[in-house]
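Peer 1: The structure follows.
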Amino acid sequence: MKVKICGIRTVEAAQHAVQSAADALGFVFADSKRKITALEAKEIIEALPEHVWKVGVFVNEGAAKIKMIAETAGLTHIQLHGNEVPDDYRSIGLPLIKAVSVKSPDDLKKIDTIKADYILLDSPPAEYRGGNGSSFEWDLAKAIGKSNTNIILAGGLDPQNISKAIAKVNPLMVDVSSGVETNGEKDFAKIKTFINNAKNEREEV
């Protein structure tokens, strides 16, 4: 089971996540309490090993600006978390992750029409497009995880519920942000526990 820790803002949190066996880190460039600049992300990314995904999270941003930020920061993947059409962003030249808000079975029917490298299933947006700490009904996505090998599961995950979520959806990767925070800051103990629980669940399955 691959794990992405999103909303990274410090070198210390990034390195702790990687040492705890995180496979991907997310850097938010959209409006969010976890927003970061390209130069701030660059400083963190330069301290990370090559194999870790460095994912830039954007909401309805233009392809040219995303490409500029990606090149400055050293991103390896682009996460589109708004109303984007992935084909419009192929010019960036990096793998694309497209977020889909899941409220009903109809939302999951859209997945077959999305031409992205990975599909991220998230709960419906609240104040911000992601990182709101609420989950959707995982039973809705049961069939998706079994038939698609490129599913990333997000939305309201935490160390306590991650095993249940993986067992129901069977995603390629799980993505957490607020679920490993205390008082709005990354909690190193929660990060380690979340990653351990996620990876142990896959071994048990």
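Peer 1: Is the shape of region 2-204 rounded, prolate or oblate, going by the alpha carbon gyration tensor and its root eigenvalues a ≥ b ≥ c, with a/c under 1.5 for rounded and a/b larger than b/c for prolate?
Peer 2: It is oblate, given that a/c is not under 1.5 and a/b is not larger than b/c.
Peer 1: Turning to a different aspect of this structure: When the Karplus curve 6.51 cos²θ - 1.76 cosθ + 1.60 is applied with θ = phi - 60°, which whole-Hz ³J(HN,Hα) does each residue of region 100-115 get, with x for Gly and Pro?
Peer 2: Karplus-based 3J(HN,Hα) across region 100-115 equals 10, 7, 10, 10, 8, x, 4, 5, 6, 5, 5, 4, 5, 9, 8, 9 Hz.
Peer 1: Within 10 Å of each residue's Cβ, count the other Cβ atoms and sort L140, L157 from fewest upward.
Peer 2: Fewest to most other Cβ atoms nearby, the residues stand as L140, L157.
Peer 1: Please order F27, F136 by the number of other Cβ within 10 Å, starting at the fewest.
Peer 2: Lowest to highest Cβ neighbour count: F136, F27.
Peer 1: Now a separate question. Report relative contact order for the chain in percent, whole number only (criteria: Cα-Cα under 8 Å, sequence separation at least 6).
Peer 2: 19
Peer 1: Still on this structure, I have one more. Would you mind checking which residues have amide H under 5 Å from V3's amide H? H placed 1.01 Å from N; only 5 or more apart, or other chain.
Peer 2: Those qualifying (amide H under 5 Å, at least 5 residues apart or on another chain) are D23, A24, V174.
Peer 1: Mean-square fluctuation check for the chain, GNM, Cα pairs under 10 Å: which of N150, N60, N170 is largest?
Peer 2: N60
Peer 1: Students often get this wrong, so check it: of K110/K142; K4/K35; K2/K142; K54/K103; K35/K115; K35/K67, which have C-alpha atoms separated by over 20 Å?
Peer 2: K54/K103; K35/K115
Every read-out reported here was derived from the displayed coordinates using simple, explicitly stated rules and does not represent laboratory data. Owing to the predicted nature of the structure, the values given are computational and were not obtained by experimental measurement. Note that we place each Cβ from the backbone using ideal geometry, even for glycine, and neighbour counts take in every protein chain shown.
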